[in-house]
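Take a look at the structure set out below.
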Amino acid sequence: MKMQLKILTAGLLCAWSSIGLAQPLQPDPNPVMDAYITAVESDPAVQAVIRQYMAEEEDRFKEHMEITRIASPSRQEYYRAIEMYRRLKTFGFADDELVSTALNNSGVMPGAAVQQVDGLKVYQTCAIVQGSWSGATDGTGGIYARPKVVLEGHIDTVNPSQIPDFNPDAKPDPYYYEPVKLQPYWDAAANKATVLVETPAELKALPDALSFDANGRIIDDASYQKAVQRYANTALANSAAQRIYVPGYSDAIGNTIGVYWLAKMFKANHVKPVYDVWFCFTAGEEGRGNLAGMKQLYGYNQDHAAIDPADNGKNKLNIVANISIDGGSGTFNFLGSYRYEVNYKGGNKNAGAREAARRIAKIADVKSPREEGATTDNTTYTVGIAYPKDDGSTSFEIDMRSPQVPSLNMLKDKLYPIFGVGDTTANGVKIQQLWYGDRPAHVHPESLATTDPMIYANWKIRCGTNCGNSFLSTSSSSLNDNIPAAMNIPTLNLNLHSTAAGGGGHAFNEWGIRGSLVNDQTNVERVLTLLLVVAGLNDGNGAEIVPPAYPALAPKHDNTVWDQENIWTK
């Protein structure tokens, strides 16, 4: 039998109005959705997943450490993607339940409209839990056309910035590993927290570290027993607590392991959604990754000439909704950015450097659209770094950010002529530009934010029976969600990882201390409930609870508004 719940549906639409809000926002009451949330929360299979997820929390920590230490900078995620595939396969996912673009070093995801991003292969892995849905598709047939919900966490980290002698064809074993170092959090003699390591040499000199066997599995020794302990907060993180240093500890492998573990729990507890659920471990979120993994999944075409125009921007995999796990609390507005490197090379070493300096000085005088009163958006830009290259040239990098595409384009039109891209200056300096950052902006219209079913469900799950003073956060963040949001595909950013303390994000000395079990349980309950509210559930009584939020045929969006051939090479 089926229980069909109908509610007001509002897809994600791009809006170019101001992000400023006069009044706090609250979703409209929706008793039908409330009943649906209660049904999912109380389902026996859902409760079984939560119990097992929490009971195996120490095993989850072990895998967190084992996978995090595999070096995985953006666009070199091959080894971590392969490891995720191998572990899912060992756990029981069959060949037809796994999609790995790294498995044969192909970078190809069957069914996707985009295969390469910035001319590079995309290395990522997805595990598929097939649902019971049996309706008509868009006619393409097969598992790739079935309606699906993506739950994803990214597998790349900022540090190290690259892997030495990276060559996926060589398939090295062991992988490239980073050490997992430990440092006591509290200095009892000084009665204060110990000083953080400030250099790679200091990190290397720390005497204590986690140990791993020849198969890459953690060794349960005295160091492990110190690291595995949890603390509710820094006040309770006493002299026994250990800082765990490893790049990616929190951003984002702690969250990505939560996604991976939920995939395992679905398999172990025979959870059967209605729509398919793809648990994806995506590439290219950090640094110069340019959201490569999401662009492949969603068919976001940043290069209009790169693929068949008929597939431009099309969501060929028919993803009806996206949930990204990267530390958010329900973020639904996304900060866009254009990023690029400009290089100046002259007849001698100093000519390029002088020309770069002159251009940077001119850029400093440019006013943002907001400063000129053209928009109320907080549009910003910066020259992040300037640096010499081995060939004697000089480069600098520009980053422009705004919640609105028109504001970004207005700023781009001001800055672009200053670079002189493609020109040769009077003193013979050649100017070249490398565009590497297209994160499309998205602002959810206020009228839809209060009625959108996924936003409502997340808000209600979080506030429970005390929602009167709970409001939606309309702040913007720059995340993997930028891609589905800009293509009108519903998306939220949530959190599965908890820490008592942490820091050093995007640095060599990223660290954390394990957080509260209570927070872990709260996080998994929220994410799991929202996932099944959107994907549907075959409940313990044999009823197929049809997803009430979004249609089985996802939007196919032509994203020519972000056609970088027109934006950057005119």
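Listed values, structure above:
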read-out	value
Residue in region 160-189 that is least open to solvent (accessible area, probe 1.4 Å), counting only those that are of a type in the set (Asp, Glu) and in a loop (DSSP other than H, G, I, E, B)	GLU178
Residue among ALA112, ALA145, ALA127, ALA102 that alone is more than 25 Å from ASN167 (Cβ to Cβ), part of a loop (DSSP other than H, G, I, E, B) and either of a type in the set (Val, Ile, Thr) or in contact (Cβ under 8 Å) with a residue 12 or more places away in the chain (or both)	ALA145
Qualifying residue in region 429-445 (condition: open to solvent by 40 Å² or more (accessible area, probe 1.4 Å), within 26 Å of THR331 (Cα to Cα), in contact (Cβ under 8 Å) with a residue 12 or more places away in the chain and not assigned by TED's automatic domain parsing to the domain that holds GLY293)	no
Candidates GLY384, GLY373, GLY422, GLY392, filtered to the one that is surrounded by fewer than 17 Cβ atoms within 10 Å (Cβ to Cβ), at pLDDT below 90 and under 22 Å from GLY287 (Cβ atoms)	GLY384
Region 476-514: number of residues that are modelled with pLDDT of 90 or more, assigned to a loop (DSSP other than H, G, I, E, B) and within 30 Å of ASP34 (Cβ to Cβ)	9
Criterion: modelled with pLDDT under 95, over 30 Å from LYS148 (Cβ atoms) and of a type in the set (Val, Ile, Thr) - qualifying residue of THR194, THR199	THR194
Filter result for ARG217 (closer than 21 Å to PRO247 by Cβ and either touching a residue at least 12 places away in the same chain (Cβ under 8 Å) or surrounded by fewer than 16 Cβ atoms within 10 Å (Cβ to Cβ) (or both))	yes
Filtered residue count, region 333-364, keeping only those that are part of a loop (DSSP other than H, G, I, E, B) and within 34 Å of the chain's Cα centre (by Cα)	2
Qualifying position, being modelled with pLDDT under 95 and over 18 Å from SER447 (Cβ atoms), among ILE7, ILE67, ILE19, ILE37	ILE37
Leading residue by the ranking (nearest to ASN215 (Cα to Cα)) among those in region 87-99 that are touching a residue at least 12 places away in the same chain (Cβ under 8 Å) and open to solvent by 70 Å² or more (accessible area, probe 1.4 Å)	PHE91
Pick from region 220-267, criterion basic (Lys, Arg) and outside any loop (DSSP other than H, G, I, E, B), ranking: surrounded by the most Cβ atoms within 10 Å (Cβ to Cβ)	ARG243
Which numbered condition TRP133 fails, given (1) part of a loop (DSSP other than H, G, I, E, B); (2) touching a strand residue (DSSP E or B) at 6+ places or on another chain (Cβ under 8 Å); (3) closer than 23 Å to ASP481 by Cα	(3)
Tally, over region 208-219, of residues that are farther than 18 Å from TYR176 by Cβ and in a loop (DSSP other than H, G, I, E, B)	1
Scope region 451-473; condition open to solvent by 20 Å² or more (accessible area, probe 1.4 Å) and not in a helix (DSSP H, G or I); matching residues	THR451, GLY464, THR465, ASN466, GLY468, ASN469, SER470, PHE471, LEU472, SER473
Candidates ASP156, ASP169, ASP165 - the one that is under 21 Å from GLY254 (Cα atoms) and charged (D, E, K, R)	ASP156
Among (1) touching a Lys or Arg at 6+ places or on another chain (Cβ under 9 Å); (2) among the aliphatic types (A, V, I, L, M); (3) within 24 Å of ALA485 (Cβ to Cβ), the one test that ILE418 misses	(3)
Among the candidates LYS362, LYS367, LYS272, residue that is open to solvent by 30 Å² or more (accessible area, probe 1.4 Å), touching a Gly at 6+ places or on another chain (Cβ under 7 Å) and of a type outside the set (Val, Ile, Thr)	LYS272
Given (1) modelled with pLDDT of 95 or more; (2) surrounded by fewer than 23 Cβ atoms within 10 Å (Cβ to Cβ), index of the condition ALA552 fails	(1)
Neighbours by Cβ (under 7 Å, 6+ apart or cross-chain): first from region 351-365, assigned by TED's automatic domain parsing to the domain that holds SER393 and of a type in the set (Lys, Arg); second open to solvent by less than 50 Å² (accessible area, probe 1.4 Å) and in a helix (DSSP H, G or I)	ARG359/ILE418; ARG359/PHE419; LYS362/ILE418
Members of region 395-411 found to be open to solvent by less than 10 Å² (accessible area, probe 1.4 Å), of a type outside the set (Gly, Ala, Ser) and either part of a helix (DSSP H, G or I) or within 16 Å of ARG288 (Cβ to Cβ) (or both), listed by number	PHE396, ILE398, MET400, VAL405, LEU408, LEU411
The listed residue being touching a strand residue (DSSP E or B) at 6+ places or on another chain (Cβ under 6 Å) and assigned to a helix (DSSP H, G or I), out of MET54, MET65	MET65
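The values are calculated or read from the model by the stated rules, or taken from the named source; none is laboratory data. Worth saying up front: this structure is predicted, and the values here are computed from it rather than measured. In this analysis, Cβ positions are derived from the backbone assuming ideal geometry, glycine residues included, and neighbour counts consider all displayed protein chains. These area figures cover heavy atoms from the full protein model, side chains too; ligands, DNA and RNA do not enter into them. Shrake-Rupley method; radii C 1.70, N 1.55, O 1.52, S 1.80 Å.
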